[in-house]
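Have a look at the structure below before the remarks.
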Amino acid sequence: MESQRENHSVEKSLNVWQSQRRQVLQGGGMVALTSLMSATAMAQNHTIQAVRNSNSLQQGEFPDGFLWGAATAGHQVEGGNINSDSWLLENMKPTLFDEPSGDACDHYHRFGEDIALLPELGLNTFRFSLEWSRIEPEPGQFSLAEIDHYRRVLQTCHRMGVTPMVTYNHFTTPRWFAGMGGWESPNASQLFARYCAMVTSQLGELMGMVTTLNEPNLIQLLFGIPGLQQTKLGTIEDQEIIRKAGERMGTGLFSSWVFGDYEHIHRGLLLAHRTGYEAIKTERPELQVGVSIAMEDDQVVEPGGEGMLDKKQSLAYVPWFDVARRHADFFGVQCYSRCRIGPSGRLPPEPGVPLTDMGYEFYPEALEGALRYTHQHLKIPLYVTENGVATTDDTRRIEYIRRAVAGVSHCLASDIDVRGYIHWSLLDNFEWLDGYRPHFGLVSVDHKTFHRHIKPSAVYLGEIARHNHLMEG
Ligand code: BGC
């Protein structure tokens, strides 16, 4: 019954966006597509190559065509993302954010320099996101100039021999979208599909692999599992700030990312992924479309914790495996640490174990656990779309990468179809509520001069990529 209702609303959403899309394309004028090359053909080649060779791998060796890369997200690096929901929240007083994103890494103007770092290091893939609020600053008003900006980003990737992996939405949404109820709104999935269709019609030829949403299950992990919640957000004071944001919008509504009703947001995102997937496939059936999910390596460490584990998996992961079976060509696993579970929920890291600058346990083996668990449920190609560590001690990042990549190699040896490792992050960037304090980057950024400095960990990951083989750090 529930699923009939859901199917019905997917169909309804699709009909609505298809007719809206016709209006947009008729009224908006088309920009000629630059036929630089078929990125889709490249992605397909990659898929075939990655399969070849994976049977005869030596220990520590990776299949031909394996993707090695680094990731960013628009709002965290571009700077000046003034039409987004996050910009509004960051600049309110009081605010939930330690500091505003401001100019971030000025990647918006320096993307050429940043993309050039990847092949210089030996990496072949760049994961980045499009900023919906730049592309559609007002409902239905698409900026061809901003679409052109991302066209230049994609063209730069191709010129430099780098495979782009494009995220259509990485947390931030246009301010107007948050002000109409965000993902909680009954129109959310249609609006997202309209945006996906527009972007794909304009830029699809330059894309090969895309994901609709970044970590759409995060809100469920943070708030939705009694005993396992992982956030201090949601206090009365926090809710008051969100209420004031609604007032600022003039609608009395504000819902976005992890600020709102978690159940409605999560449900809205599940639907939006499906309508977004359909919209992209309708425009370009040959594009490889996936979704990236936030995961921990969940380990029951005390007797009686199995019920908690089951609750977490069934609420935060299983709905995405179910959706991905019909609506994904690949699945993105994003994992940073483990979750120790006892009968009453999440347990803190054991006393004395090393922690990262985010306060998580330093536990690179988590990635292998998350990949193995995903593979048990889902037999489609997996990509590590994020994995990394917040630290100012780069030797720890090198150790983290070595142990995490070893885990990927063990998965390959067990015939798990992992096709890429994309590290978070290329740059030290805006870490959301924590501002610029945590350093996840392979490359540091001076936030006054915007000078980039390559860290030894970037060189190390690049060496692994060049040899397509795990190296000693
Ligand atoms: C997100 C990134 C974030 C990273 C490190 C992931 O959950 O996709 O935006 O910066 O983790 O916290």
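The values are calculated or read from the model by the stated rules, or taken from the named source; none is laboratory data. Quantities reported herein were computed from a predicted structural model and do not represent experimental measurements. Backbone-built Cβ (ideal geometry, glycine too); neighbour counts: all protein chains shown. We work out accessible area using only protein heavy atoms, side chains counted, and drop any ligands, DNA or RNA first. Shrake-Rupley method; radii C 1.70, N 1.55, O 1.52, S 1.80 Å.
Per-residue SASA remark: Arg437, around 130 Å² accessible (1.4 Å probe; ligands, DNA and RNA not included). Summarising the strand pairing of the chain, around 20 percent of its internal DSSP beta bridges are antiparallel. Here the 3J(HN,Hα) profile of the range 235-246, calculated from phi with Karplus coefficients 6.51, -1.76 and 1.60 at θ = phi - 60°, is 5, 4, 4, 4, 5, 5, 5, 5, 4, 5, 4, x Hz, Gly and Pro shown as x.
Here's how it looks for Ile341: its modeled amide H is under 5 Å from those of Gln299, Val300, Val301, Glu302, Leu347, which are all 5 or more places away or on a different chain. Accessible surface calculations at 1.4 Å, restricted to protein heavy atoms, place the range 91-242 at 31 Å² per residue. Across all directions, the average projected area of the convex hull around the alpha carbons of the chain is 21.3 nm². With a cut-off of 11 Å between beta carbons, the residues surrounding Val353 carry a summed charge of 0, where Lys and Arg count +1 and Asp and Glu -1. Rounded to the nearest whole Hz, the Karplus-based 3J(HN,Hα) values (6.51 cos²θ - 1.76 cosθ + 1.60, θ = phi - 60°) of the range 87-95 follow the sequence 4, 4, 5, 5, 9, 7, 10, x, 10, with x at glycine and proline.
Taking 10 °C and 1.306 mPa s as conditions, the range 349-392 diffuses translationally at an estimated 130 µm²/s according to Stokes-Einstein applied to its Kirkwood radius (Cα pairs). The trypsin sites (Lys or Arg not before Pro) found in the range 339-447 that occupy coil by DSSP, while having at most 13 further C-beta atoms within 10 Å, are Lys379. You can think of it this way: the chain between Arg152 and Thr392 has 83.1 nm of extra reach, that is 0.36 nm per residue less the Cα-Cα gap.
Rounded, prolate or oblate: which fits the range 166-224, taking a ≥ b ≥ c as square roots of the Cα gyration tensor eigenvalues, rounded meaning a/c under 1.5, else prolate when a/b beats b/c? Because a/c hits 1.5 or more and a/b fails to exceed b/c, the range 166-224 counts as oblate.
In this structure, the amide hydrogen of Glu286, modeled 1.01 Å from its nitrogen in the peptide plane, lies closer than 5 angstrom to no residue at least 5 positions away or on a different chain.
Taking all protein chains together and rolling a 1.4 Å probe, Met249 ends up with roughly 50 Å² accessible.
Spatial offset of the range 441-469 relative to the range 91-130 amounts to 14 Å, using the alpha carbon center of each. Report summary: the helix-based calculation at 222 nm, which adds -39500 (n - 2.57) for every DSSP H run with n ≥ 4 and divides by the residues of the chain, gives -14000 deg cm²/dmol. Seen through its C-alpha gyration tensor, with square-root eigenvalues sorted a ≥ b ≥ c, the range 76-217 comes out oblate because a/c lies at 1.5 or above while a/b is not bigger than b/c. Remark on Ala104: its backbone amide H falls under 5 Å from those of Gly80, a criterion applied only to residues 5 or more positions apart or on other chains, H modelled at 1.01 Å from N.
Here the chain exposes an accessible surface that is 51 percent carbon and sulfur, computed with a 1.4 Å probe and the other protein chains kept in place. Peptide packing for 272-280, 174-182, 284-292, 93-101 was compared via the average number of neighbouring C-beta atoms within 10 Å per residue; ordered from the highest value, the list is 272-280, 174-182, 284-292, 93-101.
Solvent exposure of the range 316-381 amounts to 39 Å² per residue of accessible area, where only protein heavy atoms count and the probe is 1.4 Å. A simple rule links phi to the HN-Hα coupling: the Karplus curve 6.51 cos²θ - 1.76 cosθ + 1.60 with θ = phi - 60°, which for the range 370-380 gives 5, 5, 5, 4, 4, 4, 4, 9, 9, 9, 10 Hz, with x for Gly and Pro.
The gain in end-to-end length when the Glu365 to Glu120 segment is fully stretched comes to 85.4 nm, 0.36 nm per residue minus the alpha carbon separation. Once both labels are positioned 7 Å from their Cα atoms along Cα-to-Cβ, the gap between Thr231 and Val353 label points is 2.4 nm.
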